[in-house]
Amino acid sequence: MDQIDVPPFFLCPISLELMKDPVTVSTGITYDRHSIEKWLFASNNATCPVTKQPLLPDLTPNHTLRRLIQAWCTINASHGIQRIPTPKPPVDKTIIQNLLKDASGSPNLQLQCLRTLKSIASESQTNKRSIESAGAVKFLASVITNTINSCLDDDVELELKASVADEALSLLHNIQLSETGLKTLLSHPEFTHSLTKVMQKGIYESRAYAVFLLKSLSEVADPVHLINLKPELFIELVQVLKDQISQKASKATLHTLIQVCPWARNRVKAVEAGAVPVIVELLLECRERKPCEMMLVLLEILCQSADGRAELLAHAAGVAIVAKKILRVSTTANDRAAKILLAVCRFSATPSVVQEMVQLGVVAKLCLVLQVDSGNKAKEKAREILKLHAKAWKNSPCIPGHLLASYPITS
């Protein structure tokens, strides 16, 4: 293909590659189906990439253009260009509805249905949307909830039922639910509790899928869905963090906790589940910017409670690792770490804590923050912290002279 020029109207405006399944959108622009579906559904965009106008999700196959591309491929076969195959049309919604109807019954039938749906979903984003609009979300939520709740240790069908739940969870994750689909899940009784049980007893993949779904649910949930979360959920989320089953799962877990902890007593539930020492241990090993930032954001939320601050101070490396991350990660990390230290100094600063902070070099680090480009928010908080305990720190021999020079003047 390098030796021949491809007609420009055969190229997808998004991928700039030869279109295999051209579809025309509501603005009149033609794209390759895979590219525009990814743009619309996976990336949640609502405008035409070319015209920037609002876009309806309807995609009309451009058969004429596809036949022209196929003819051009055939004519230029001698140049090594392979003819694009005729694409399979999106699955009809009634086929999916019939599949769901047939699946009500034994675990074997459900498993067969789920695997068929998984195969259909893998073909295109349009098929994923068809599966969702056909009512599969309620069906899958019911399958997961009923199966998980009916799984007893002495059940002769335990392995089969576990496979059904795993397949249903995998499918729910893979069809990339819309906001409407996610809210349908939130309205389903006991679904969140079922995900908790999956995290507790499920296989590696299912635990990850449960966390990914919880992340998506937390992003669209109304406060009413977040204020009555059970302590068991936090115990399992913290366990997923502790187990480090995958980097992606850990990020999803942190994101979920950041979303839910500010509501009601959730931060206390997270602290009681052991979140603070787990985060401190992870921070000790973490070298990547984004995970560090997320951990510090979550730790700052947890340290808004007295129990959270007590847990941080109880860990031998708690205050030290928070201070260490200042000026080593990002401006965002600087700000969050300074917020944590400010909360400790304002509400939990016993004489021994104040002394420990100067011995660990935390006070010297805060003086350095005032001297370098660390972000205005971090500077403000560092200045406030230093003023709070100036009497104990200002003349300390533990602070190098060149840093002591930047100690803020107190009135």
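The values are calculated or read from the model by the stated rules, or taken from the named source; none is laboratory data. Just so it is clear, the structure is predicted and the values come from calculations on it, not from any experiment. Ideal geometry is used to build each Cβ from the backbone, glycine not excepted, and the neighbour counts take in all protein chains shown. For the accessible areas, the whole protein counts, side chains as well, though only heavy atoms, and no ligand, DNA or RNA atoms are used. Shrake-Rupley method; radii C 1.70, N 1.55, O 1.52, S 1.80 Å.
In region 45-67, what residues are among the basic types (Lys, Arg), open to solvent by 50 Å² or more (accessible area, probe 1.4 Å) and at negative phi? Residue satisfying the conditions is 67 alone. Being part of a loop (DSSP other than H, G, I, E, B) and touching a residue at least 60 places away in the same chain (Cβ under 8 Å) is the filter; apply it to region 78-126 and report the residue that is farthest from residue 62 (Cα to Cα). Within region 78-126, the match that is farthest from residue 62 (Cα to Cα) is 80.
For every residue, the table says whether it meets (1) modelled with pLDDT under 95; (2) outside any helix (DSSP H, G or I); (3) hydroxyl-bearing (Ser, Thr, Tyr).
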| residue | (1), (2), (3) |
| --- | --- |
| 196 | no, no, yes |
| 209 | no, no, yes |
| 215 | no, no, no |
| 218 | no, no, yes |
| 225 | yes, no, no |
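Among the residues making up region 236-267, those that are without any contact (Cβ under 8 Å) to a residue 40 or more places away in the chain and assigned to a helix (DSSP H, G or I) are 237, 242, 243. Say whether the condition of being at pLDDT 90 or above, more than 25 Å from residue 192 (Cα to Cα), touching a Cys at 6+ places or on another chain (Cβ under 9 Å) and not hydroxyl-bearing (Ser, Thr, Tyr) is met by at least one residue in region 112-123. So far as region 112-123 goes, no, none of its residues is at pLDDT 90 or above, more than 25 Å from residue 192 (Cα to Cα), touching a Cys at 6+ places or on another chain (Cβ under 9 Å) and not hydroxyl-bearing (Ser, Thr, Tyr).
For region 320-346, give me each residue that is more than 25 Å from the chain's Cα centre (by Cα), under 20 Å from residue 267 (Cα atoms) and open to solvent by 10 Å² or more (accessible area, probe 1.4 Å). If the condition is that a residue be more than 25 Å from the chain's Cα centre (by Cα), under 20 Å from residue 267 (Cα atoms) and open to solvent by 10 Å² or more (accessible area, probe 1.4 Å), then 342, 343, 346 are the ones that fit. Among the candidates 112, 82, 97, 70, single out the residue that is open to solvent by less than 50 Å² (accessible area, probe 1.4 Å) and out of contact with any strand residue (DSSP E or B) (no Cβ under 9 Å at 6 or more places or on another chain). 70 is the lone residue from the list that is open to solvent by less than 50 Å² (accessible area, probe 1.4 Å) and out of contact with any strand residue (DSSP E or B) (no Cβ under 9 Å at 6 or more places or on another chain). Selection of first residues in region 384-407 that are surrounded by 15 or more Cβ atoms within 10 Å (Cβ to Cβ) and of second residues that are small (Gly, Ala, Ser), restricted to Cβ pairs under 6 Å at least 6 apart or on distinct chains, gives the following pairs, ordered by first then second residue: 399/364; 403/364. Figure legend. Inter-residue proximity from region 1-20: first residues within 19 Å of residue 86 (Cβ to Cβ), second residues open to solvent by 60 Å² or more (accessible area, probe 1.4 Å), beta-carbon distance below 8 Å, spacing 6+ or different chains. Indicated pairs: 10/68; 18/1; 20/34; 20/85. Just the residues that are open to solvent by 50 Å² or more (accessible area, probe 1.4 Å) and part of a loop (DSSP other than H, G, I, E, B), please, taken from region 1-27. Of everything in region 1-27, those that are open to solvent by 50 Å² or more (accessible area, probe 1.4 Å) and part of a loop (DSSP other than H, G, I, E, B) turn out to be 1, 2, 3, 5, 13, 14, 16, 17, 20, 26.
Has region 130-153 got any residue that is open to solvent by 40 Å² or more (accessible area, probe 1.4 Å) and not in a helix (DSSP H, G or I)? Checked against the condition, which is being open to solvent by 40 Å² or more (accessible area, probe 1.4 Å) and not in a helix (DSSP H, G or I), region 130-153 yields at least one hit.
Mind checking whether some residue in region 347-360 is part of a helix (DSSP H, G or I), modelled with pLDDT of 95 or more, among the small types (Gly, Ala, Ser) and open to solvent by less than 50 Å² (accessible area, probe 1.4 Å)? No; the residues of region 347-360 include none that is part of a helix (DSSP H, G or I), modelled with pLDDT of 95 or more, among the small types (Gly, Ala, Ser) and open to solvent by less than 50 Å² (accessible area, probe 1.4 Å). Looking across region 272-295, the residues that are in contact (Cβ under 8 Å) with a residue 40 or more places away in the chain and open to solvent by less than 10 Å² (accessible area, probe 1.4 Å) come down to 275, 276, 280, 283, 292. From the list 178, 206, the lone residue that is open to solvent by less than 40 Å² (accessible area, probe 1.4 Å) and either of a type in the set (A, V, I, L, M) or in contact with a helix residue (DSSP H, G or I) (Cβ under 8 Å, 6 or more places away or on another chain) (or both) is 206.
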